[in-house]
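Below is one structure; the comments refer to it alone.
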Amino acid sequence: MGFISSTMKLSQKIEKALNDQLNLELASAYAYLGMAAYFSQTPFAGFAQWMHLQSDEEVEHANKFFEYLADRGGKVVLQAIPQPKCEYASPLEAFQHSLAHEEKVSAAICNIFEAAQTEKDFPTQAFLKWFLDEQVEEEKNVGDMVDRLELIGNNPNGLFHLDKMAAKRAEQ
């Protein structure tokens, strides 16, 4: 590791918050993997692919936090990841769970951004800007899926069509 000037070193508070977020991103990846496991036991292969893609994205996000901590002279502290839920009553319940999780992630990132503003940690604010934009997209994607699932209910044709749409998104 190279020399990090004292003005560019992370405060203990921001370092802890970034580590907590890194671990929340890993827990998110695991949660999405649990949802993929649920969908893999159903006829909804498109939803399973979608959840696998989400899991991969969350690992990428965790890696960004890992690298940022290291770049700023912080210590990476990995924590235990809770076992994810792998059983749902319906596709709607799984996606509602996903939306609630994305909202939790968004709130956590906003809290770190606010703390970085208070501490005048401009590099962390700049780093988090990408994540704030990403969370808007994540919540919209999952929210749209929840809205569609609520609209179609248990209609087999609607579920089949939505599953095919999910598979196409996963292929992009």
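Inter-label distance, residue 13 to residue 147: 3.7 nm, where each label sits 7 Å from its Cα along the C-beta direction. Helix 12-40 axis versus longest C-alpha principal axis of the chain: approximately 20°, rounded to the nearest ten. Rounded to whole Å, the principal axis extents of the Cα atoms in the stretch 12-82 read 47, 20, 12, largest first.
With a simple spin-label model that places each label point 7 Å from the Cα along the Cα-to-Cβ direction, the separation between residue 167 and residue 75 comes to 4.9 nm.
Just to confirm the number: angle between the C-alpha axis of helix 45-71 and the first principal axis of the chain, 0 to 90 degrees, nearest 10? Roughly 0 degrees between the two axes. Separation between the residue 120 and residue 134 pseudo-spin-labels, each 7 Å from Cα along Cα→Cβ, expressed in nm? Spacing of the two 7 Å Cα→Cβ label points: 2.9 nm. Counted over the chain with a bin width of 5 Å, the fraction of Cα pairs per bin, in whole percents, is 1, 9, 16, 20, 16, 12, 9, 7, 5, 3, 1, 0, 0.
Per DSSP helix of 4 or more residues, -39500 (n - 2.57); summed, then divided by the residues of the chain. What does that give at 222 nm, rounded to the nearest 500?
Values: 5 runs with 131 residues, N = 172.
After summing the helix terms and dividing by the residues of the chain, the value is -27000 deg cm²/dmol.
Give 129/168; 64/164; 13/129; 16/120 a once-over and call out the pairs whose C-alpha atoms are over 26 Å from each other. Pairs exceeding 26 Å: 129/168; 64/164.
Determine, from the Cβ-Cβ distance of residue 56 and residue 93 and an R0 of 25 Å, the FRET efficiency 1/(1 + (r/R0)^6), rounded to the nearest 0.05. Walk me through the numbers on the way to the answer.
Numbers: r = 23 Å, r/R0 = 0.90.
Once the sixth-power term is evaluated, E becomes 0.65.
Taking every Cα-Cα distance in the stretch 49-150 and sorting them into 10 Å bins from zero, the calculated P(r) comes out as 13, 41, 32, 13, 2 percent. Taking the longest Cα principal axis of the chain as reference, the axis of helix 156-171 is set at about 40 degrees.
Values in this text are rule-based calculations from the coordinates and carry no lab data. Computed from a prediction, not measured in an experiment: that's the story for all the values here. A quick note on method: Cβ atoms are made from the backbone with ideal geometry, for glycine too, and the neighbour counts reach across all protein chains shown.
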